[in-house]
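Participant: Structure in structure tokens, see below.
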Amino acid sequence: MMRSLLGSLVGVLLVVLLAVAGVSAQETVLIRGGRLLDGSGNPWIRADVLLRGDRVEAVGDLSGRSADRVVDANGLYVAPGFIDTHSHAGGGLATPGLSHARPLLAQGITTIFANPDGGGPTDLAEQRSELMADGLGVNVAQFVSHGGVRGEVLGTEDRAPSARELERMKALVRTGMEEGAWGLSSGTFYVPGAYSKPEEIEALATVVADFGGAYQSHYRDESTYTVGLIAAVDEVINVGRVAGIPAVLTHVKALGPFVWGYGAAIVSRVERAREEGVQVFADQYPYTASATGLEAALLPRWSQAGGRDSLLARMSRPSDMARIREGMVLGLERRGGADRIQFRRYEPDPSIEGRLLSDLAEERRQDPIETAADLIREGRVSIVSFNMSDADVETLMFQPWTMTSSDGDLVPWNEGVPHPRSYGAFPRKLRVYVREEAVIPLDHAVRSMTSLPAWVYGMPDRGALRPGAAADVVVFDLDKVRDAAQYTAPHQLAEGMVWVFVNGTAAVADGEFTGALSGRVLQKGR
Ligand SMILES: [Zn+2]
């Protein structure tokens with residue numbers, strides 16, 4: 001009697017302890033009968049996948065096995081969760097209304113890399129707790145941002161750092177890497193990154209090398225703005241050469257009619273460097289339009305030194321404004337003209353969002369440059385810019401070293417007219433470039449979204465479906481995968497993802513969001 005009472009007490013205690021320790025989360029899921037793409041680039045094979053807790057336990061013929069939940073994947077593809085290597089969703093994910101990450105989950109994205117383009121905070125620990133505060137629908141990997149680091153030491157000054165300032169910058173990069181960042185991002189096209197010399201970035205990249213990180217850059221010139229496209233590509237390659245780390249040409253492109261056809265030239269620069277032993281890669285979003293700020297697209301960088309007040313002062317001085325105007329005329333030509341610029345977000349007057357600069361100028365009976373200058377004077381103007389050629393997009397996509405990215409934002413429903421990539425980049429690649437145009441095979445596309453980014457950024461347990469790997473899994477219907485978002489109506493969720501598991505928990509179950517917040521901030525080396 002005494003013994004059995006003790007026994008049941010121990011039993012109850014054990015259950016409580018297991019629950020506290022989270023062992024009760026060791027739910028098993030058996031994904032049965034799907035076409036398995038393991039992320040390696042191998043063609044699909046029919047195989048079952050067993051998840052236990054947050055890990056893949058087994059892959060293969062598991063017909064004898066049972067599980068807490070069985071998913072029938074007959075007629076569907078099963079793949080590792082997609083990894084978005086260039087995402088602006090970090091800010092949105094840190095807000096309570098958007099932490100669910102639904103626009104990302106609908107694309108099959110289970111991990112994003114935040115702080116791209118050299119933008120983002122320097123205190124990554126603080127950012128991590130902001131991201132975790134309301135839970136996370138997807139995993140987040142952080143970059144140390146060059147612009148953040150430079151901004152903290154030099155503000156928006158157009159000069160090189162002193163030796164002492166450079167040491168401070170290196171220390172900030174080191175702290176970020178110690179906090180678990182996966183590498184350094186830069187945006188040498190933007191303020192303040194544009195004010196840095198290549199040597200400054202090379203010095204910071206050598207710190208990243210101590211941690212086995214990588215370097216990702218929105219290169220200095222995607223067109224003919226300053227050093228030219230090819231020299232800008234070479235600059236990124238050289239960082240990889242000097243620091244001995246993977247160097248990534250992020251959202252690789254040839255921007256504007258002056259450089260259309262240069263996709264092949266980028267490929268040959270990368271190939272040559274790789275033959276030489278430099279680890280060069282690229283990522284790309286599958287659209288012929290980019291998105292940026294009207295200021296960044298049109299203004300010469302000297303006019304922005306010192307920040308917005310300095311810019312406005314220069315714009316009000318006729319002699320400076322004449323020079324700024326010259327720069328803007330050239331900038332607009334590089335972008336292919338005013339009918340290739342669509343307004344994305346403009347707080348002073350949301351009624352222009354979604355319209356073309358050419359239309360607005362005509363309505364105002366102005367020269368487009370005048371209209372652009374007026375808008376810039378009154379507030380920040382973000383734009384979608386139709387500036388790439390299909391041939392270049394396809395040439396760059398075809399390369400085995402090109403990953404997939406979205407470069408997307410995560411914004412409140414119906415705020416502004418964002419680039420459709422925010423809602424559709426990954427499904428679009430599958431729909432247009434795999435299914436409709438057959439530019440790349442399915443296994444190649446999935447590899448570019450999974451094992452390749454995991455390989456480049458040193459994430460050994462993601463981007464693959466094999467025993468022991470993290471249980472980030474997507475199950476999709478290739479015939480139904482569709483990016484619904486359009487340029488003029490972008491706020492539309494993608495379709496075709498039937499199941500999405502993030503760390504073993506279903507965030508999408510049978511096509512419905514579950515509300516699960518099972519994402520984590522992934523820290524390198526932890
Ligand atoms: Zn960028």
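Participant: In segment 43-53, what residues are surrounded by fewer than 21 Cβ atoms within 10 Å (Cβ to Cβ) and touching a residue at least 60 places away in the same chain (Cβ under 8 Å)?
Facilitator: Scanning segment 43-53 gives Pro43, Trp44, Arg52, Gly53.
Participant: Which ranges mark the strands (runs of 3 or more DSSP E) fully within segment 246-293 that have 2 or more residues being among the hydroxyl-bearing types (Ser, Thr, Tyr), within 15 Å of the ligand (Cβ to nearest atom) and out of contact with any strand residue (DSSP E or B) (no Cβ under 6 Å at 6 or more places or on another chain)?
Facilitator: none
Participant: List pairs: first in segment 434-455 and more than 16 Å from Val473 (Cα to Cα), second of a type in the set (Phe, Trp, Tyr) and surrounded by 18 or more Cβ atoms within 10 Å (Cβ to Cβ), Cβ under 7 Å, 6+ apart or cross-chain?
Facilitator: Taking only residues 6 or more apart or on different chains, the pairs are Val439/Tyr433; Ile440/Tyr433.
Matching residues to (1) among the basic types (Lys, Arg); (2) touching a Phe, Trp or Tyr at 6+ places or on another chain (Cβ under 9 Å); (3) open to solvent by less than 20 Å² (accessible area, probe 1.4 Å):
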position	(1), (2), (3)
Val70	no, no, no
Asn74	no, no, no
Gly81	no, yes, yes
Leu93	no, no, yes
Ala106	no, yes, yes
Ile109	no, yes, yes
Glu126	no, no, no
Leu136	no, no, yes
Gly147	no, yes, yes
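Participant: Only residues that are of a type in the set (Gly, Ala, Ser), at negative phi and away from the ligand (no atom under 15 Å from the Cβ): list them for segment 294-318, please.
Facilitator: Ser303, Ala305, Ser310, Ala313, Ser316
Participant: Please state which one of Ala361, Ala322 is more than 16 Å from the ligand (Cβ to nearest atom), free of Cβ contacts under 8 Å to residues at least 40 places away in the same chain, touching a Pro at 6+ places or on another chain (Cβ under 6 Å) and of a type in the set (A, V, I, L, M).
Facilitator: Only one candidate passes the filter, namely Ala361.
Participant: Can you tell me which condition Gln342 does not meet? The list is (1) open to solvent by 20 Å² or more (accessible area, probe 1.4 Å); (2) in contact (Cβ under 8 Å) with a residue 60 or more places away in the chain, and all the others hold.
Facilitator: Checking Gln342 against (1) open to solvent by 20 Å² or more (accessible area, probe 1.4 Å); (2) in contact (Cβ under 8 Å) with a residue 60 or more places away in the chain, the one that fails is (1).
Participant: Same structure, new question: If you check Ala289 against the conditions, is it touching a residue at least 40 places away in the same chain (Cβ under 8 Å) and of a type in the set (Gly, Ala, Ser)?
Facilitator: yes
Participant: Among the residues of segment 471-487, which ones are touching a strand residue (DSSP E or B) at 6+ places or on another chain (Cβ under 8 Å) and assigned to a loop (DSSP other than H, G, I, E, B)? Walk me through how you get there before you give the answer.
Facilitator: Going through segment 471-487, the residues touching a strand residue (DSSP E or B) at 6+ places or on another chain (Cβ under 8 Å) turn out to be 471-478, 480-482, 484, 487.
Answer for segment 471-487, where residues must be touching a strand residue (DSSP E or B) at 6+ places or on another chain (Cβ under 8 Å) and assigned to a loop (DSSP other than H, G, I, E, B): Ala471, Asp472, Asp477, Leu478, Lys480, Val481, Ala484, Tyr487.
Participant: Which of the following residues is assigned to a loop (DSSP other than H, G, I, E, B), buried (at least 24 other Cβ atoms within 10 Å of the Cβ) and not acidic (Asp, Glu): Gly463, Gly458, Gly468?
Facilitator: When all the criteria are applied, what remains is Gly463.
Participant: Given the criteria touching a helix residue (DSSP H, G or I) at 6+ places or on another chain (Cβ under 8 Å), among the acidic types (Asp, Glu) and open to solvent by 30 Å² or more (accessible area, probe 1.4 Å), does Glu130 qualify?
Facilitator: Numbers: touching a helix residue (DSSP H, G or I) at 6+ places or on another chain (Cβ under 8 Å): no; among the acidic types (Asp, Glu): yes; open to solvent by 30 Å² or more (accessible area, probe 1.4 Å): yes.
No: the conditions fail for Glu130.
Participant: Give me a count of the residues in segment 177-197 that are away from the ligand (no atom under 16 Å from the Cβ) and either part of a loop (DSSP other than H, G, I, E, B) or open to solvent by less than 10 Å² (accessible area, probe 1.4 Å) (or both).
Facilitator: Result for segment 177-197: 6.
Participant: Now, a different point. Select from segment 204-245 the residues that are assigned to a loop (DSSP other than H, G, I, E, B), among the hydroxyl-bearing types (Ser, Thr, Tyr) and more than 16 Å from the ligand (Cβ to nearest atom) and list them in ascending order. First the steps, then the outcome.
Facilitator: Taking segment 204-245 as the starting set, the residues that turn out to be assigned to a loop (DSSP other than H, G, I, E, B) are 210-213, 219-228, 244-245.
Retained after the next criterion (residues that are among the hydroxyl-bearing types (Ser, Thr, Tyr)): 219, 223-226.
Within segment 204-245, Thr224 is the sole residue that qualifies.
Participant: With a cut-off of at least 3 residues that are within 16 Å of the ligand (Cβ to nearest atom), name the helices (runs of 4 or more DSSP H) lying wholly within segment 370-455.
Facilitator: Because the criterion is at least 3 residues that are within 16 Å of the ligand (Cβ to nearest atom), the helices (runs of 4 or more DSSP H) in segment 370-455 that meet it are 421-428.
Participant: Okay, next question. Being under 19 Å from Leu330 (Cβ atoms) and open to solvent by 50 Å² or more (accessible area, probe 1.4 Å) narrows it down to one residue among Asp367, Asp359; which is it?
Facilitator: Values: Asp359 fails: under 19 Å from Leu330 (Cβ atoms).
Matching residue, one of Asp367, Asp359: Asp367.
Participant: Hey, any hits in segment 299-317 for a residue that's modelled with pLDDT of 95 or more and farther than 24 Å from Gly193 by Cβ?
Facilitator: yes
The values are calculated or read from the model by the stated rules, or taken from the named source; none is laboratory data. Since this is a predicted model, take the numbers as computed values, not measurements. Positions of Cβ are backbone-derived with ideal geometry, glycine not excepted, and every protein chain shown enters the neighbour counts. We work out accessible area using only protein heavy atoms, side chains counted, and drop any ligands, DNA or RNA first. Shrake-Rupley method; radii C 1.70, N 1.55, O 1.52, S 1.80 Å.
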